[in-house]
Structures are given as C-alpha cells and as structure tokens.
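Down below is the structure, laid out as structure tokens.
The values are calculated or read from the model by the stated rules, or taken from the named source; none is laboratory data. Remember, predicted model here, so these are calculated numbers, not experimental data. Note that each Cβ is placed from the backbone with ideal geometry, even for glycine, and that neighbours are counted across all protein chains shown. We work out accessible area using only protein heavy atoms, side chains counted, and drop any ligands, DNA or RNA first. Shrake-Rupley method; radii C 1.70, N 1.55, O 1.52, S 1.80 Å.
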Amino acid sequence: MAVDTQPAPAQLPGAAADSRPPDHRQPLWRRIAKRVLGYGVLAFFALVFIFPFMLAIITSFKTRPDAAQTPLNLIPDPATLSAFEAMGQVNLPRSAYVSIVVTLSVTLGRLFLDSLAGYALSRLDFPGRKIVFAVIVATLAIPGIVLAIPRFLVLGQLGMLNSFSGLIVPLAVDAFGIFLMKQFFDSIPKEMEEAARIDGATIFQTYSRVVLPLAAPALIALTILSFQGSWNEFLHPLIAAPSDASLRTLPVTLALLRGLMGEGTDFPLLMGASILTTVPVAIVFFTFQRYFVQGVAASGVKG
Amino acid sequence: MNALRTKLTNTESVSGWTFMAPALAGLLVFTLAPILMALWVSFRDWNGLVPPGQSSFIGFDNYRALLFEPGVNRTDFAISLRNNAYYVLGVVPLQTAIAFALAVIVNQRFLRGKSFFRTAYYFPSITSSIAVSLIFLFLFQRNGAVNAFLGAFLPLDNINWLENANGVIHNVLAGVGVERPAVLADNSIMGLSLWQWISGPSVTLLAIMLLATWTTTGTLMLIFLAGLQNIPVEVEEASRVDGASPLQHFFRVTLPMMKPTLFFVLTIGIIGTWQVFDQIFAISAGGPQKTTLTPAYLVYREGFRNFGMGRAAAVSFILFVIIVVFTLVQRRIVSPDEQ
C-alpha cells in the first residue's frame, strides 16, 4: 500500500522544489501563486469540513434563546451547562451505556469471528472453500435497507427483538471484515506457520500464537472500522429494539429526540448530545489515524 | 509420507470448517436467509403483527400496487424514485468531483501539511450520520450559518431550507416565465404528471444532498489519494520529461491511470446514494409534501409505520434491482474494456 501515512518530514524551504527540476524552472511568481492558490483551496475546504463541529460545540454551551437568536455568535452569552444537565432527563446516559455495550460486544465478536474465518479462507484447504468465499463476497453487495424487514422477521422468530442479543449478534459477523482479514493473511509469508506446524503445534495454536500477533495491523484496522461502524449504526438498532426505550443506542435516541421536539427545538441540547456522540469515535480516530486511512485505502484498492 | 499428507489434509478440512462455522452461521441466519425471506414476504399480505405464516399469499399484488395500479402506493413509490434519482444525479457527480480535485491538490508535492488536511477532510466521514444531520439542521435554520454565508456573497433573502417543497427546476422555470405547460401537466407516468417528474429536488432535499456530499467527500478523497499514490513515479517523470503541460499530464496520464479508482468511487457512490435513509429520518421524515421521500425511507414507513411489510419488502427488492442494474450499466460505460 503506497499510502503516505507518515507526517511529511520537516523539509528546508525549497527542498521539495529541488527534487523536481521542471518546477524549479518556473518563474518565482508562478511558484508562489501556485502555493497561494493551493493552500487557499485546501484551507477553505478544511474550514467547510471542520467549522460545523466548532459551531456545534459552541452552541452546546449557549442558552436556548441565545442559540435561536444569535446562532452564529462564537461566544456563548451567557455560557451555561444547562444543556448537559438536561441530558439526564432525556435518557442519554442510559443510551450511552447501551451504545458502549453494543459497540464493544460487536467489535470483539468481529475481531474473533472475522479473523478465524479469514484465516480459514486464506490458509486452510477445506472442501467448499471457494464457494464459501464467493458467497461472502456476494453478501458484500446486499444493501442494508433490503435486510431491514427480514432481519426484523428473523429476530422476531428467534425471540430476540428488544434484547441486547438482538442488537449485537446480527452485527457480530460481517462479510467485509472476513474479506479484509483474508486479504491480509494472503499477504503475509507462510514460513513461520509451517515451522510451528512442524514443531507440532495444532492449527489453533498456530493461529493464536503465531498468526494473530503478525496480523496486528489488520486487527487494529478491523477494530477501528468495527468500533466506528457499530457506534454509528442507526438502522439496525432502530428496527431491532422497536418498543423498548431502555435499549436505544445514542443515534436512535438522538434521532427520536429531534422528532419529539417539533417546533421548539432545543438546539443546545441537540448539539451537545451530537458532539458527545462524536467524541468516542473522534478519540479512536485521532489515536489510530493511520490505520483508519489504511482500512479505507484497502477497500478502495481492492475494489 | 502419503499417510501423513492425508492426515494433514483431513485436519485442515476439519479445522477449516470449524474456523469458518461461527461466522458462516451468523451470515446464514442474519444475512442470507433474511434475503430469501424478504423475497417470500414480498409475495404475501403480511402486516408485521401476526406471525408471517398466517398471512395470505397474494402473488405479484404488492409489486402491481407499486408499479401499475393507480393509487397512493404507486404515486408514493413514483415520488420516491423521482426524489432519489435527483439525489443521485446531484450528489454522485458533486462528491466525486470535489473528492478528486482535493486529492489531486493534497497530492501536490509542493504543498505541505498533507496529513492535517487529510484528517480535516476525512473527519466528517467517521461521525454518526444522525449527529451530523442534527448539526446540519442547526446550520440550515433560517438565520443559520448557511444563509449567513450565502448572504455575504449573494443578494438573497434568508432561504427557508427545511420546510421548502418547491422543486429547484420548477423554481428556475418559474424564473424564466414557464408555469405548468399543459402538455406536461396532462400527461403522467406512474400516476405522477410529467410536470411533477421534472420538478428537480425540492429545496429541502437539496439541503440533505449538500449534507451527504459534505459527509462522503472525505472518504472518497482518501480512496483517490491512495490511487494517485499508486501511480508509478516513472510514469509521472516520463510525461514531464516529454514536456507535457500540467493539463495534458492530467488528462493523458493521471485520468487514464485513475480509471479503476474512478469506477470504484462512482460505484460505491451510486450504491450508497440509492439507499439514503438516516439523514431523511433525522431531518425531514420524508416531508415537506413527500419531497424527501426515498425508496429506503418508504420501506421503513410502509413496513414499520403503516403495517404493510409485504409491500415494503417489495419496495426493497425493486430498490435492490435498481442498484444492481445501475452498477452493471455503469461498468459498461466506464470500463467497457474490462468485460
């Protein structure tokens, strides 16, 4: 993967131009103009992508009249924590708990099941392997909305509607994760596994002691994608727990909260809750950024 | 030696299936079986309240109600197709073009701070669709940030974004003096007059389209960036040595080399935009006047609000077919040589 994941090394001014002779031949004013234009466009879009979040953070510290009348003032007047205090009354702590339980369970489930399956598809020569892999690739193409009604039906038949297991189990295996792990296992050499097998290790021992440590980068990428995907998931928790308010995840509670408010929208509360919903994913994102980038890039290059 | 090999092969078969079994069981029960059940349900009159086996088999009635029989079901489905078609036509080119342009600029060697800009652009993509929908709800208020920004450049009154059913193309036509010509108003397809078909997205749908573009562009930019960085340096240099101008270089070298990535980005763009649901749910719930109703939202509304699970399943299958057809057609157009 030729993705530039390292921060650009500190360079002396002009060093970049020296490495590219044609650029050097351009007149000075053109080089300066190109930079000004380039940075101008980049900075404008950076503002477009980041400013909404900044405004949401500021708004969450405003009073309701302040947010409604001067939505663009960058300083809350007066600053207040009342939006955050109100969150207890609309069941947000409970939703946060549900979101955490579901996200952690789904992520652990995917790590274990996807890597097992990916390993089998990459390394173990079992009858039917090609068909199984083809089926898994095919399920990648099924749109989520097509699954909404039949999943509701299956969960109902299994008695899993309105339960934690119904929120977790259907998401705990995903075809994309299996695909990602298989591709990664395909890319690492087999020698160490073969050595372990000759030394008498069982297949499961080889997998857990030799292969998994080697697969750390892929496992981290999978962790992050699963964490982000299940934390943000909206449709599945919406249909899997339709009638139990104590089993709503944060996105479901947020969306329904907005619906209940109608005209008198409490924007400080909505903005505060939106920002708090964003924080966990943001922390994971900034900590493991380069794996995020690799995961997305992998999906693109392989596609 | 042969005995050992057989033994190893047997262990691999057993282990292979053992390793595979839990994941496969999960996919079978919660993805593959459901698809078949959805197909089955789409031929039944199931309301979602009784066990599905107690519903009656009604053949193609659900599909007929959506496609051929005059009535509210067909009109609503036609409206949702129209809305989603404008949504796809607007969002896919816009997000692809912006993402490509940003990737090309970020990839310029004379610019620094790559990782900062990449992070800033990608950040919206990782956040909850519902959370960013609520933030946009705030931005698109009458006295909100979007109107303030537009007002700084254009002599506009504050636009009513969130409760505005006026079609954008209707607005433009009204601006040049065209009002409901009889030939368009009197002919209809699927119960919707031609005049209604050419309305364009409503202003509210346009706001949601801008939100979708804003959210997705970062991901697509990362994919383009990975593609650009996979272009061999030799190719770049050969073209420069041959004296290609930057424009020639872009159209003759970069664009052809990026064709597979472009195809991938357009494909996931189309697949994603035909399924828009979360933003509609959070912002407009299909309104105003059904102008943000989409097939995906219709599936939810019919199935879980109006107790027409059979009809909703039929909508979801037609949507599935639409997505598959678009993907195949596009594959032919974008990369005919790869057939």
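Mind checking which of B:303, A:184, A:267 is farthest towards the positive end of the protein assembly as shown's charge dipole, using Cβ charges of +1 (Lys, Arg) and -1 (Asp, Glu) about the Cα centre? Most positive-ward Cα: A:184. Local charge for residue B:74 was computed over the other residues whose Cβ lies under 12 Å away, with Lys and Arg +1 and Asp and Glu -1, and equals 0.
Extension gain, residue A:130 to residue A:286, is 52.4 nm, computed as 0.36 nm per intervening residue step minus the present C-alpha separation. In this rough spin-label picture, where each label sits 7 Å from Cα along the Cβ direction, the residue B:172-residue B:39 distance is 4.2 nm.
Which helices, counted as full DSSP H runs in chain B, have an axial Cα extent of no less than 20 Å and a Kyte-Doolittle average of 0.5 or above? Span-like helices in chain B: B:72-106, B:203-229, B:259-273, B:309-334. Here the label points at residue A:162 and residue B:305, each 7 Å from Cα along the C-beta direction, are separated by 2.2 nm in the simple model. Between beta-carbons, use under 15 Å as the cut-off and find the net charge around residue A:107, counting Lys and Arg +1, Asp and Glu -1. Summing Lys and Arg as +1 and Asp and Glu as -1 gives -2. Placing +1 on the Cβ of every Lys and Arg and -1 on the Cβ of every Asp and Glu, with nothing else charged, gives region A:90-302 a dipole about its Cα centre of roughly 160 debye.
Since only A:101, B:254, B:205 are under comparison, the one whose Cα sits farthest along the positive direction of the charge dipole of the protein assembly as shown, derived from C-beta charges on Lys, Arg, Asp and Glu, is B:254.
Distance between the pseudo-spin-label points of residue A:48 and residue A:91 (7 Å out from Cα toward the beta carbon): 3.8 nm. Ranking A:78, A:111, A:91 by Cα position along the charge dipole of region A:77-217, where only Lys, Arg, Asp and Glu carry charges on their C-beta atoms, puts A:111 farthest toward the positive end.
Total buried accessible area between B and A, probe 1.4 Å, nearest 100: 8900 Å².
Entry for region B:85-292 at q = 0.11, 0.14 Å⁻¹: log10 I(q)/I(0) = -0.67, -0.96, Debye formula applied to identical alpha-carbon scatterers, no solvent contribution. When +1 charges are put on Lys and Arg Cβ atoms and -1 charges on Asp and Glu Cβ atoms, the dipole computed for the protein assembly as shown relative to its Cα centre reaches about 720 debye. The residues of the protein assembly as shown expose, per residue, 45 Å² of accessible area to a 1.4 Å probe. The magnitude of the dipole of region B:42-130, with charges of +1 and -1 set on the Cβ of Lys/Arg and Asp/Glu and taken from the Cα centre, is near 720 debye. Between the amide H of residue B:44 and those of B:58, distances stay under 5 Å, these residues lying 5 or more places away or on another chain, with hydrogens modeled in the peptide plane.
For the residues A:46, A:196, A:241, a GNM of chain A with alpha-carbon springs under 10 Å puts the largest fluctuation on A:46.
Using the alpha-carbon centroid of each, what span in Å lies between region B:192-224 and region A:110-146? Cα centres, region B:192-224 to region A:110-146: 34 Å.
Once you order the gyration tensor axes a ≥ b ≥ c over the Cα atoms, which shape class does the protein assembly as shown get: rounded for a/c under 1.5, otherwise prolate or oblate by comparing a/b with b/c? The shape class here is rounded. For the set B:163, B:69, B:12, solvent exposure ranked by accessible area (probe 1.4 Å, protein chains only) runs largest to smallest as B:163, B:69, B:12.
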